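Derivation of every value follows stated rules applied to the coordinates shown; laboratory data play no part. Since this is a predicted model, take the numbers as computed values, not measurements. So basically every Cβ, Gly included, is an ideal-geometry build from the backbone, and we count neighbours across all protein chains shown.
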Amino acid sequence: MATNVTQMRPRNRVRYLTRIDQLTGIPEKDREELAEVEKKYVFRMTDYYASLIDWSDPHDPIRQLVIPRPEELNEWGRLDASNEKSVTVARGTQHKYPDTAVLLCNEVCGAYCRYCFRKRLFMDDNDEVSLDVSEGIEYIRSHPEITNVLLTGGDPLLMAPKKLLSVIERLREIEHVQIVRIGTKMTAFNPWVILDQPALVEGLSRLSTPKKRIYLMNHFDHPRELTGPVLEALDHLIKAGVICTNQCPMVRGVNDSVEVLTELFRKLSFAGVPPYYIFQGRPAEGNEPYEVPIARGFRLFEQARRQVSGLAARARMAMSHEVGKVEILGLDEEHLYMRFHRAKFTADRGRFMIFKLDEEAYWLDDLIPASDVGQNVRRHLSKLRCNRVDLHSESPSA
Ligand code: SF4
């Protein structure tokens, strides 16, 4: 059984494991096979997170999340499934929706989620991340329409606190930047980054002002991640005036069940970390074993939402596609209903779409439109596939 970490772990003693052979819970013959996967898609986790795994259960959900699987080597998907490169406007800086910029400011995470859609960032020859965000900050300064900046990567909470706080301070000097969001899974992988670094919490508190808040976009996939130390860390952040919320993908073998999603939504909302998005997994290379078809995922999501309070039921299920963030609204015996929640192109803003129900579809590109409205999107998609439209050759939109 998993160890009771809430009772045993001395503070600030989290070790990072970077080789499968450091995990004695995996039989030696399996370790050899997984070493092949590890060569292609890097492995890393904390010993704290390893202590949450029930090693006697080969299907343990926490294990599925971080331990490689041979099926990752199956031919499937693209490394940059949403073509993030096409919205890269400066080193480590993406600008897809007018009011939001993304700074990829760190290239390391506390552990590597096997289903990560940005696993290309952790490969040796990738240069999309910039540890020096100066170029991105200058870009943001010269674009007054940007009111939101998302710090992500990699995981910003793995940066030295001084460095992270100085990035936020520089953003705070820009009048038009109101919201700073930090995307992180460190609260799940190593809550001691919060518990043992009071200077970080104090700095975040100082920079999360009544008029301009800092949002921490947590990433909890399973209720078992919400341990005692994690809840304590979240409590510190909430008391410091940081707005906490949660977003995660639906991952096969981890949270693709009504019971798990319901418990996750409930526990998060009880802790003051309301669920915000459940994402459809992007068809990224190596992710085949973790994907859930859209229709099945949406049914699970809907059933879970019906069992939680209104606060938890505010979560939306969405797909971060190259053309925008598409919300899955509903389905019936014949159709899937969707709407652009955020759109890259002005013409798509708020667009409602109807597609033929396809139980095997994993992504927008797999769906066949059932109306003229959908047909327009289809044309858009095929245009993108043929031409890879440059963001600045057409008017971007939110
Ligand atoms: S924490 Fe986020 S960026 Fe890092 S590996 Fe997991 S999904 Fe990818």
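Structure notes:
- For Val89, nonlocal amide neighbours, meaning residues 5 or more places apart or on other chains whose placed amide H falls under 5 Å from its own, are Gln94, His95.
- Greater than 31 Å apart at Cα, pairs in Lys119/Lys163; Lys211/Lys267; Lys39/Lys356; Lys185/Lys325: Lys39/Lys356
- Distant-in-sequence amide contacts of His341, defined by a placed amide H-H separation under 5 Å and a gap of 5 or more residues or a different chain, comprise Lys325, Val326, Glu327.
- Residue-wise HN-Hα coupling along the range 69-76, computed from phi with Karplus coefficients 6.51, -1.76, 1.60 (Hz; x: Gly, Pro): 10, x, 5, 4, 7, 4, 5, 5
- Spatially, the range 251-318 and the range 93-171 are offset by 25 Å when compared through their Cα centroids.
- Mean residue ellipticity at 222 nm, helices only, the chain: -8500 deg cm²/dmol; runs of at least 4 DSSP H residues each add -39,500 (n - 2.57), and the sum is divided by the number of residues.
- Fraction of alpha-carbon pairs over 29 Å apart in the chain - percent: 44 percent
- Taken one residue at a time, the phi angles of the range 52-68 give Karplus couplings (6.51, -1.76, 1.60, θ = phi - 60°) of 7, 7, 8, 5, 7, 10, x, 9, 3, x, 5, 4, 4, 5, 10, 8, x Hz. Gly and Pro are set to x.
- Value of relative contact order over the chain, rounded to a whole percent, pairs C-alpha under 8 Å and six or more apart: 14 percent
- Positive-end ranking of Asn126, Ser257, Met217 along the dipole of the range 84-308, with charges on Cβ about the Cα centre, is headed by Ser257.
- Relative protection proxy for 81-92, 183-194, from highest mean packing down: 183-194, 81-92 (other beta-carbon atoms within 10 angstrom).
- The range 5-73, dipole about Cα centre (Lys/Arg Cβ +1, Asp/Glu Cβ -1), debye to the nearest 20: 520 debye
- Largest-first principal axis extents of the Cα set of the range 5-73 (Å): 37, 22, 19
- For His335, the residues whose modelled amide H falls within less than 5 Å of its own, excluding neighbours fewer than 5 places apart on the same chain, are Leu357.
- With contacts taken as Cα pairs under 8 Å and at least 6 residues apart, the range 84-308 reaches a relative contact order of 17 percent.
- Across the range 112-117, rounded Karplus estimates of 3J(HN,Hα) from the backbone phi angles (6.51 cos²θ - 1.76 cosθ + 1.60, θ = phi - 60°) give 9, 5, 5, 8, 4, 8 Hz, Gly and Pro being marked x.
- As a rough guide to protection, the peptides 42-52, 165-175 ranked by mean Cβ packing within 10 Å, highest first, stand as 42-52, 165-175.
- Relative contact order computed over the range 5-73 (Cα-Cα under 8 Å; 6+ residues apart), in percent: 36 percent
- Rounded to the nearest 20 debye, the dipole size of the chain about its Cα centre is 1340 debye, using +1 on the Cβ of Lys and Arg and -1 on the Cβ of Asp and Glu.
- Projecting the Cα atoms of Ser86, Val108, Thr187 onto the charge dipole of the range 84-308 (Cβ charges, centred on the Cα centre) puts Thr187 farthest toward the positive pole.
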